[in-house]
Structure formats: structure tokens, C-alpha cells
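Quick notes on the structure that follows.
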């Protein structure tokens, strides 16, 4: 990616004014990335917490702090809504009337059906401006202080447009995420939620439950320091933000519970052969997982390796 | 650690001849580490696979290949048994009669009760020579080609002596693991198996079952490439060696199933609040895990970090 060439080739990509509602890890990283690519003029930010806004200013993620979401969107060509999923509907309602007619309104929520439903409820004639998006680039460390201009490089960015989404704005969104180095994919909101229930939400749920099982037993505190590198990696996502994950697991509950049931059946199969002492069947079950994981390749390849 | 000084300070630490039965990741790394520390004269190796023995010779992990375990132990001051747990009993039987009177016989199996039971069955008057050990230093990549002289540095090495273990040999084993940079701890075989069922065996079981649940569903192949860094780390141990883990999960089945039950109860609690839409309780459960994991510190600190 050579930013100046990209700007020259597709002048429509340049964003004279970006409004970021919710200056956390994703919002801050998006602003920094767009700036690093030379694709943005002014960045206006709003966050519920004044302290977050101060940090975002200090880190150069935003140029100016707005007093409200409504104030932030005035004159903005691109509005990025990067708040916890449960806060999305109220933000959409707050920005709707102040939105410029041709502005792109994009969210980055980790679940998409509920966000699209919220948009349908509150955006009305502005629904055409809305491009639902989900960059797959979280860290378990939330917050603006972990913002990183390279966060999206080589990582998937999923767009889940609906029938009303303006095709020009959709192409613009694709171009922007591509310019930030992301691998853009389109999915329906439903397929998105099923996919990420499987590859992200369920692993988080299992890691949380596993860690609680450790902490909840009498000898847990003696056991924990004995964890090695396998334990460290397996539990890394258990440190994720409680509010963010409360929202994800509850808004996508149907798909998460479906995946959890599939997992329970797979675990049943293991317990059955372990209990029965069927070594050959046990080795066979492990081999499926071991070979599957050894051949696994993520989209974009960035997370490849051990 | 300054090897020459260590040798000077504790001359008894020097091992004129080491026999390694099973030249895989752990056996090979132990030989390389002892050599790097200047603590070994000759290394004789035996493995069931001629190809493994060739690789071990080529990598300089062993100086000489022996045709059998019995042949390998003749004249050896330290015999390291680093074979899959299920093969330990037959190796102990094979080496018993050829063992030098003062030799240290040490295994490195990931479960300890079954190994101690096997030793009691077959070692008879040589039980005093036996020091059961477990260095916590696996990688999910098994085999001599991944052997690494620094594998044990900063990592726990658990010794699980029994009543018959010679106190001098036990001190010797402590000194050797310490000289290789390991953090030595003593535990009973029972406590060892309970501890590692919790922090290692259960996570492996869950990762295997999770991966199989992914592979076993119609859309699994579409879902898998969408996994991000959380997925990558959570599933890393699912790539572990099927034979090694068949042995571990089956020999420690009682403790593993106990831990699995605790995990299921923790998962039940999550599913209950997710299904009931109790956001406050869900956030509370996640917070326990999140704070617990954020404060987690491994023994020795080597695996600290994300």
C-alpha cells in the first residue's frame, strides 16, 4: 500500500472530516490508521468519558473533542460508531438528524444482526447512509491507550450491507478498509453472526468458564501458577473486557448457545472414550483436532504460525 | 548460570555418561541443555525409531546410538526415560537389570501416579534409583527436530519423589534441573496429577473438543479462516501430538474428568445467565475471569505477558 498513490488513484477515498463516536481501541486505531495513510483531514471525536477524550487528543488520534455525538457528526464525511454494541442504538438515534446527506455512517460492532435491527428502528430515511462493518482486529486489551495505526493490516474487515445500503457508500467503505491494509469480505448479518459465534464468541465463553472453574475450586490458587505456555495462550482471551463481552454474548446469544451445544457434544464424545478407556478412539478424536489445527490458515495469513 | 562455576562448586553434578531413552523433544533438549551447561561427558541415546536416532546424532544431541534401552544404560550415571507415558513401564523393565548401582533413573512423564505405580511394579530393589520428574516445558511441536537447549530455562521442573527415592539422588536431580535454569518444585505424585489435570490436561481436552466441534459442522470450513488472533492462541494446543495426549488423558482420566465436571458447572452458570438475559450477572461472571486472568503470574515468570 502506497498511500499517496492510493489517494491519487481514487480521490473519493480522502475523508476531509472524520467523526469518531467512541474513542476506544478500534475507534482510535481507525483514526490513527486513516491519518497514517494520509487519507483524512480533521478528526473530531466524542466519548462518554472525558478522560478517554483527553487521552485520544494527547495521542493525536483526534484533533478536536466534541461535546456530544450530535455535535461530532456535523460536517463529517465519515462517521465511525465504535461503542459497545449495547450503546449503538442510542448513538445512531443521537446522530441521525445531524448527519450530512452523503455521509458514510459506519459501525464496527462485533455482532451485526442486532446492530442492523437497531439501525432499521432508528435511522429511517438515513438507512441508506449506514454501512455495518466489523474489523477482526481486537486485542484483549481494550482502550485508547492500546490504539495502533497498524491494527487492521492483514486482518479481515467484514462488511454486512443490507438492501438499503447505498452502493456507492459500500464501495467507499471497501476502499477505505482496503487502504488500511485489511482483507475486505462481504457477508449477510446472519452469516456474520453465525461465523463469529463459532470462531470468536464461543472460544471467549469457554475461556471465561474455564478460568472461573479454576478460580472456583479450593486448590485453584495453588494450581494457577503452575500453568505453562499452553495455559497462557489458551486463557489469554479470558482477560477480555467484561462489558464488551457481556454485550457480544447476549446480543448474539442464539448463535452462541447453538455453538455451545455443538461443543458440548464434541466434549461428550471425548469424555465417553476417556471414561471407557478406548485408547484407539481417543487417539482418533485427538488426531482430527491435531491435524485440523496444524493445517489451519487464517484469512490474510497475518495470524499464521503457532 | 555460569556452568564452569557450577561444576566447580558442585562437582557431583557432572554426569560422565548420560543415557537418553526416547530422543524426542524433551530427551533431546535435556541432552543439549546438559551439554550446553558443560555438565555431561558422553551421551548415549536409544529410540524405537532409527530415523529419530539418526536425527539426534546429526543434531549433536547424542554422541552414540545404542541398539536397545538395556544397552544404552550400561555404564550410565544418569538415565533419562523420555518416552510416551504408556511406554514407560516396558522401558523401566528393560533397563532395570543393566542399571549401575548408583545411577539416577529419571523419567519426565506428564502424569506421575501411573509412572510411580509402574516403577513400583517393575523396579523392585532399584526403586531407590528412581526420581520421577516432570519439566513443564512442552511445545505443541513434538520431536527431536524441535529440541532446544534452553527449553527448561525459567520453567518449572516438578519432582515427585516417593518414600523409596534415595535422598542423595533426589538432591542430585534438584541440582541438575536448577543448573538447566528450571524452577524446581517438589509435589506428591497425586498432587502433581491433580494440578496438571487442572492447568494443562483440561485445556488440551477443551481445545481438542472445540476444534472437533468446528470441523464437525457443515459450515465449519467456511468459518475457520475467519478465526483471528484469539482463535489462534486458544486453539494452539489443539495441534498437540495425538499419541502423547491419548496417554496423558487416559492415564490421568480420574483427575481430568473431575476437572471437566467443574468446567461444565462453570459453563452451565454462563449459559444460564446468557439464556435468561441477565446482563448484570453475565458481566459479573466475565469480570471474575477477566480480573483473574489479568493478575495471573506463572511460576518463574517466563510465560508472563499477554
- [ ] Compute the Kirkwood hydrodynamic radius of the stretch B:175-258, taking the inverse of the mean of 1/r over all pairs of distinct Cα atoms, and give it in Å to one decimal.
- [x] 15.0
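For the stretch B:192-295, what relative contact order do you get, as a whole percent, if you take Cα pairs closer than 8 Å and at least 6 residues apart? Walk me through the numbers before you get to the answer.
Working: 39 pairs, mean separation 35.3, N = 104.
Once normalised by length, the contact order is 34 percent.
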Task: Shape box of chain A [Cα atoms, principal axes, largest first, Å] - done: 68, 40, 37
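Considering Cα pairs under 8 angstrom that are at least six residues apart, work out the relative contact order of chain B and quote it in whole percent. Spell out each step's value before the answer.
Working: 481 pairs, mean separation 48.5, N = 306.
Relative CO of chain B lands at 16 percent.
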Task: Extension gain, residue B:153 back to residue B:68 (0.36 nm per residue minus Cα-Cα distance, nm) - done: 27.6 nm
- [ ] Give me the angle, in degrees from 0 to 90, between the Cα long axis of helix A:253-275 and the longest principal axis of the Cα atoms of chain A, rounded to the nearest 10.
- [x] 20
Task: Prolate/oblate/rounded call for the stretch B:187-306, Cα gyration tensor, a/c under 1.5 rounded - done: rounded
Task: In degrees, nearest ten, helix B:242-251 long axis to first principal axis of chain B (Cα) - done: 90
TODO: Could you work out how far the C-alpha centroid of the stretch B:113-174 sits from that of the stretch B:246-306, in angstrom?
DONE: 29
TODO: Indicate, rounded to the nearest 5 percent, the antiparallel portion of the DSSP beta bridges found entirely in chain A.
DONE: 10
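Given 0.36 nm per residue, what is the gain on full extension from residue B:162 to residue B:219 after removing their alpha carbon distance, in nm?
Working: separation 57, 0.36 × 57 = 20.52 nm, distance 5.13 nm.
Roughly 15.4 nm would be gained on extension.
I'd like the FRET efficiency for residue B:190 and residue B:268, computed as 1/(1 + (r/R0)^6) with the beta carbon distance as r and R0 of 30 Å, rounded to 0.05.
My answer for the efficiency is 0.60.
Mind sorting B:296, B:177 by how few other Cβ atoms lie within 10 Å of their own Cβ, fewest first? Intermediate values should be presented prior to the final figure.
Details: B:296 21, B:177 24.
Least to most surrounded, the residues fall as B:296, B:177.
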TODO: For helix A:25-36, report the angle its Cα long axis makes with the longest principal axis of the Cα atoms of chain A; keep it between 0 and 90° and round to the nearest 10°.
DONE: 50
Task: Tensor-based shape of the protein assembly as shown (alpha-carbon gyration tensor, a/c under 1.5 rounded, otherwise prolate or oblate) - done: prolate
TODO: Could you work out the mean count of beta carbons from other protein chains within 10 Å of each residue's beta carbon in B:257-264?
DONE: 5
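Read-outs: derived from the displayed coordinates by stated rules, not from any lab. All values derive from a computational prediction rather than experimental measurement. No Cβ is skipped: glycine too gets one built from the backbone with ideal geometry, and neighbour counts run over all protein chains shown.
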